[in-house]
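S.K.: First the structure, which I've put down as structure tokens, then a few questions once you've had a look.
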Amino acid sequence: MTEGFRWHPEARLFDSTGDEVLPDGSRPPLEGAIFPDSPQGLAAAIGHPAFRIGAGDQSLPDPHDTPILETLTSGSTGRPRRIRRTQASWTASFAVNAALGIGPGARIATLGRLIHSLSLYGAVEGLHLGADVHLLSDLRPDRQREAIARRKVTHLYATPAQLRLILGPGLLPDLGLILVGGSKLDPGLRAALLTLAPNAQLREFYGAAETSFITLADATTPETSVGRPYPGVDLHLDPGGEVWVRSPYLFLGYASDQAATPLTPTPAGTRWRDGWLSVGEIGDLRDGFLVLKGRAGRMVTVADQNVFPEEIEAFLHTLPGITRAAVLPVPDPKRGHTLIAVLQGDPTREAAIRPALRRELGPLKSPKALIWRKDWPTLPSGKTDLTALRATWPD
């Protein structure tokens, strides 16, 4: 059997209180198992041939001819689905990321729950490569920032939503690398992070739960791009701009809730073709850098023009006074759809935001209404819960 995850002899695991959690020395069973969403659950899972963290109300992971794990999609536009992948699909990228200084002597922190694949990935990678791993999801954001400073964390895995919440007074001088996934950093958040952690490199990666790493961005990446292909990734864009990926990091399929059928058909937008995988993302390559427009599943037509809400959301995040933005389509009998922008931030900036939208996007793509709200529904991953947001909007 191919080797799966291991607990490196120099690795150490710490919970949110700073207490060390020791590896589980018991012999793992051969069948699939579900472990609690906790440091103790992670300690028990490492070395297990088939496991999932959390989602205990669903069926057990099915054993495979090579070690596997299951994670969950973010569920931004629907119910999260179970992702089934080999453990080797993650260890392949562990070898690449070791060059980022992840190994003995590194102090890694994750901010999200372990049911979120980015947090689970960061924790498992750190333990596999010999780092100290600090799981901080049980702390409120200001306490997370204090723990990062007090424990002299050197590497941080987080989403932009999680990073936005930990901004505050003081500095994080020991932080040398922030690995960002889940969505793109807006310019304001990027600047704030570089003030908070002046010695840190910001490395954004684009990917999905199904694909793992696709691209990686650094300081040389154009602002509109998500970076160049991650080592080991082949990219192909078809004539319509759909992004196809081939790499050793791809998933096996979606796990069924019924043990008799372990892999279910992929949903609309996620397709295999001769070893290549698409999750329905549309974009283009510019001088080797990938620029994304959005997912085909969110594309709408406005006066017979294809519009990607993600493009508009990305522009909104560049404007002063906006901390969160989501663009929702509303049926329109004449144009097909009109667009509504739901925003969080400073409503007094609206007079400047409206003309900026029209200058950048034109009259068709510009949202017809701006709705401000103080609360913001989010998923465990920190992404906007579009389904919940849409449910609060009257038809």
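S.K.: Which count do you get for residues in segment 197-232 that are among the hydrophobic types (A, V, I, L, M, F, W, C) and touching a helix residue (DSSP H, G or I) at 6+ places or on another chain (Cβ under 8 Å)?
M.R.: The number of residues fulfilling the criteria is 4.
S.K.: Which one of Thr384, Thr392 is surrounded by 15 or more Cβ atoms within 10 Å (Cβ to Cβ) and either in contact with a Lys or Arg (Cβ under 9 Å, 6 or more places away or on another chain) or of a type in the set (Asp, Glu) (or both)?
M.R.: Sole residue among the options that is surrounded by 15 or more Cβ atoms within 10 Å (Cβ to Cβ) and either in contact with a Lys or Arg (Cβ under 9 Å, 6 or more places away or on another chain) or of a type in the set (Asp, Glu) (or both): Thr384.
S.K.: Give me the strands (runs of 3 or more DSSP E) completely within segment 284-395, filtered to those with at least 3 residues that are modelled with pLDDT of 85 or more, ordered by residue number.
M.R.: By residue number, 289-295, 322-332, 336-345, 369-372.
Okay, residues lined up against (1) within 16 Å of Ala391 (Cα to Cα); (2) of a type in the set (A, V, I, L, M, F, W, C); (3) surrounded by 19 or more Cβ atoms within 10 Å (Cβ to Cβ):
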site	(1), (2), (3)
Leu319	no, yes, yes
Ile322	no, yes, yes
Val327	yes, yes, yes
Val330	yes, yes, no
Lys334	no, no, no
Ala341	yes, yes, yes
Gln344	no, no, no
Thr348	no, no, no
Ala352	no, yes, no
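S.K.: Does Ile83 satisfy being surrounded by 17 or more Cβ atoms within 10 Å (Cβ to Cβ) and in a strand (DSSP E or B)?
M.R.: yes
S.K.: Residue pairs, Cβ under 8 Å, 6 or more apart or interchain, first in segment 138-159 and exposed (fewer than 14 other Cβ atoms within 10 Å of the Cβ), second in a strand (DSSP E or B) and not hydroxyl-bearing (Ser, Thr, Tyr). List them.
M.R.: Lys152/Arg107
S.K.: Same structure, new question: Looking at Gly126, Gly122, Gly112, which is the one that is without any contact (Cβ under 8 Å) to a residue 60 or more places away in the chain and surrounded by 21 or more Cβ atoms within 10 Å (Cβ to Cβ)?
M.R.: Every option except Gly122 fails the conditions.
S.K.: Still on this structure, I have one more. Looking at segment 160-187 only, could you name the residues that are over 20 Å from Ser225 (Cα atoms), small (Gly, Ala, Ser) and touching a residue at least 40 places away in the same chain (Cβ under 8 Å)?
M.R.: Gly176
S.K.: Could you tell me whether Arg349 is in contact with a Gly (Cβ under 8 Å, 6 or more places away or on another chain) and not assigned by TED's automatic domain parsing to the domain that holds Leu185?
M.R.: The answer is yes for Arg349.
S.K.: Do any strands (runs of 3 or more DSSP E) lying entirely in segment 187-243 carry at least 3 residues that are under 20 Å from Phe94 (Cβ atoms), and which ones are they?
M.R.: So the answer is 201-208, 212-216.
For every residue, the table says whether it meets (1) modelled with pLDDT of 95 or more; (2) in contact with a helix residue (DSSP H, G or I) (Cβ under 7 Å, 6 or more places away or on another chain).
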site	(1), (2)
Pro80	no, no
Ala88	yes, no
Thr110	yes, yes
His116	no, no
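The values are calculated or read from the model by the stated rules, or taken from the named source; none is laboratory data. What you see is a predicted model; the values in this text were computed from it and never measured. Neighbour counts are summed over all protein chains in view; Cβ atoms, including those assigned to glycine, are modelled from backbone coordinates with ideal geometry.
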